[in-house]
2 protein chains.
Amino acid sequence: MTSRTVIAIDAMGGDRAPEIVIEGAALACARNPKIHLLIYGDEARVKPLIDKYAVLVKACDFRHAPDVISSDMKPSLALRQGRNSSMRQAINAVAKGEASSVISAGNTGALMAMAKVVLKTLPGIDRPAITSIFPTQIGECVMLDLGANVECDAENLVQFALMGAIFCRTVLGVSHPSIGLLNIGAEELKGHDEVRTAASILREMPLPGEFFGFIEGNDITAGTVDVVVTDGFSGNIALKMAEGTAKLVSYFLKKALKSSIRAKLGYLLARPALEQLRSRMDPRRYNGAIFLGLQGVCVKSHGGADSEGFANAIGVAFDIADRGLNDHIREELARHYGIMDQLNGTSSDDPFAGID
Amino acid sequence: MTSRTVIAIDAMGGDRAPEIVIEGAALACARNPKIHLLIYGDEARVKPLIDKYAVLVKACDFRHAPDVISSDMKPSLALRQGRNSSMRQAINAVAKGEASSVISAGNTGALMAMAKVVLKTLPGIDRPAITSIFPTQIGECVMLDLGANVECDAENLVQFALMGAIFCRTVLGVSHPSIGLLNIGAEELKGHDEVRTAASILREMPLPGEFFGFIEGNDITAGTVDVVVTDGFSGNIALKMAEGTAKLVSYFLKKALKSSIRAKLGYLLARPALEQLRSRMDPRRYNGAIFLGLQGVCVKSHGGADSEGFANAIGVAFDIADRGLNDHIREELARHYGIMDQLNGTSSDDPFAGID
């Protein structure tokens, strides 16, 4: 028997769970025979769904979890009362070493809070960051944080830069990624203290890539850099603004292509090409945000994702586990803090002691 | 002779100044005979350009200004050394009451710094906000701040909400505008202190409209609210992310429509409709950001705008002056602070005393 990558699934999270989750799980298993799933959820609801897919029955173990974390539950409450939930049980599977990664389409705040408490952050990382891949005019880029940390200090941003660069190298295969700090102007004087201090640190320190400097919002889709670093507030707003704008343009496009008989004829002819465009911009392709910086892989699927989107999120979790992303981040952090200690002639616990 | 609205123009600001500026000025005057311009710039360069347009010669006065504020000059330096610049002279014309508004496509930071010092903020407003109109799926919305204030406290955000609502009523004609605070989740618990405190104030206070609550990035283009309030850091990133995403989608669209002979034929048929789409999304239509909250109208044209874009910015300045936007804001602020004083039984100078 070939070696398999075990992934824990929270079957009860997401707008149309558990149906969509199980359908997506079956899709992912059909595509990749190396995947084995541990599925957590309410037996009465989930087991019959699993039994509909022969490919899934062979590729999963089901484990009953009586409770569900609702989408509006406060993270603190989820932490206290969610011990028997499918989400918590799936995270526990990673902590126990039974699975390499966990995926949920449920409550983001609760997932982050539980994952932080159960899995802990990697040594040298203070806070995990929500990370995703973004399409650009020349390929793809990695962006973080997309919403985990409303406020970030300079050290958080520097740690995001390190993790993002290793992610970009490991997952996108860019050997020497360029790193940009999101700001509102390219000049050194612009922006708030945190982003300017982070820039001055990144300019001086050894990096698994190259610090490009400040970038602006329009640089993200232009592909100016491989890794976009920002705080979770701006990052989340930018992400959702991009989703909204893409929707707006396609809404206007549809209206334009229905505006006359001539336009409708043109649309009929161009349809196969436009379908390609649709598939290229398909948010499902980019479904699966990673909580980067944890001792274990935790992937968040969009709550509204369909089965195709959920299958892609499973694919993301597989890739990350398969390529040993966290081992690469651990090595880089050890190397980085080693160099910093040497440079500073100290063995301080503070990774940024002496740099400012 | 009919009454005319006098607008001061900085002819030397922008990537292709003064040529584009004068071309745009001529366009605006040809379209609207009620406009009279005071054009400031280097006589040797600007006068010959003006003389090319008979319509402009009749509708403007030219005034020589020897100095130019360069696009990379620091605002503090521009303040100290820019007294004889075309930008400063044009702002002075508003302060002296010679013009109702000023437009520049030059250095944003310098323009904001000079306008603040020369024109001063409206009573009750601590900081001006860069404001613009944004297309949505169901019409248009007003968004502020788009980059003037990197960090904003709750009071700044509340003042932006008041000014944005009056702007929306006066310029877009929405009698009872809905106001949304940009955040990373709709729940009351989300976001940083400033945005949560601002929300709790806006929920309680009388408004020239209705407080909708928190909105997310994708709500902006969906048209969820009429007025989007945010700090200048997130606002600028959102604005530029929208520009970048619109470019990305049209880049993918062009590629798709060239991908086969069939697609090319379809494009030929659909072209008139697609041109309509292009004109609808044309950033030139939305050129002209207003520095809201000053005692005088100051409009910033995009530095890369062409003459059509610059003419639109002049149109924006005309509309705002013509409709007495600042008088409406003054009245609303007086009314608002009067009510607040009554509610609090105080006549405190602090407009937010007693509310928290």
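Worth a mention:
- Residue match in the range A:306-313 (condition: more than 9 Å from chain B (Cβ to nearest Cβ), assigned to a helix (DSSP H, G or I), in contact with an Asp or Glu (Cβ under 6 Å, 6 or more places away or on another chain) and farther than 30 Å from residue A:157 by Cβ): yes
- Index of the failed condition, residue A:120 passing every other in (1) touching a Ser or Thr at 6+ places or on another chain (Cβ under 7 Å); (2) on the phi > 0 side of the Ramachandran plot: (1)
- Residue pairs meeting the criteria (Cβ under 6 Å; at least 6 apart or on separate chains; first under 17 Å from residue B:164 (Cβ atoms), in the range B:312-339; second part of a helix (DSSP H, G or I) and not hydrophobic (A, V, I, L, M, F, W, C)): B:323/B:170; B:325/B:170; B:328/B:170
For (1) assigned to a helix (DSSP H, G or I); (2) at pLDDT 90 or above; (3) not hydroxyl-bearing (Ser, Thr, Tyr), each residue gets a yes or a no:
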{"position": "A:256", "(1), (2), (3)": "yes, no, yes"}
{"position": "A:291", "(1), (2), (3)": "no, yes, yes"}
{"position": "A:317", "(1), (2), (3)": "yes, yes, yes"}
{"position": "A:335", "(1), (2), (3)": "yes, no, yes"}
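- Conditions (1) assigned to a loop (DSSP other than H, G, I, E, B); (2) in contact with a Gly (Cβ under 9 Å, 6 or more places away or on another chain); (3) touching a residue at least 40 places away in the same chain (Cβ under 8 Å); (4) surrounded by fewer than 22 Cβ atoms within 10 Å (Cβ to Cβ); number of the one not met by residue A:133: (1)
- In the range A:212-231, of all residues being of a type in the set (Gly, Ala, Ser) and within 7 Å of chain B (Cβ to nearest Cβ), the one that is surrounded by the most Cβ atoms within 10 Å (Cβ to Cβ) corresponds to A:217.
- Number of residues in the range A:164-197 that are aliphatic (A, V, I, L, M) and more than 14 Å from chain B (Cβ to nearest Cβ): the value is 6.
- Per this entry, residue A:33 is not counted among residues that are outside any helix (DSSP H, G or I), under 24 Å from the mean Cα position of the chain (by Cα), not charged (D, E, K, R) and not assigned by TED's automatic domain parsing to the domain that holds residue A:7.
- Qualifying residue in the range A:233-244 (condition: closer than 29 Å to residue B:140 by Cα, in the same structural domain as residue A:162 (by TED's automatic domain parsing), surrounded by fewer than 22 Cβ atoms within 10 Å (Cβ to Cβ) and touching a helix residue (DSSP H, G or I) at 6+ places or on another chain (Cβ under 9 Å)): yes
- If you go through the range B:297-313 and keep only what is touching a helix residue (DSSP H, G or I) at 6+ places or on another chain (Cβ under 7 Å) and either outside the structural domain of residue B:15 (by TED's automatic domain parsing) or closer than 18 Å to residue B:112 by Cβ (or both), you end up with B:297, B:298, B:299, B:300, B:301, B:302, B:305.
The values are calculated or read from the model by the stated rules, or taken from the named source; none is laboratory data. All values reported here derive from a predicted model rather than from experimental measurement. Every residue, glycine among them, receives a Cβ derived from its backbone with ideal geometry; neighbour counts consider all protein chains shown.
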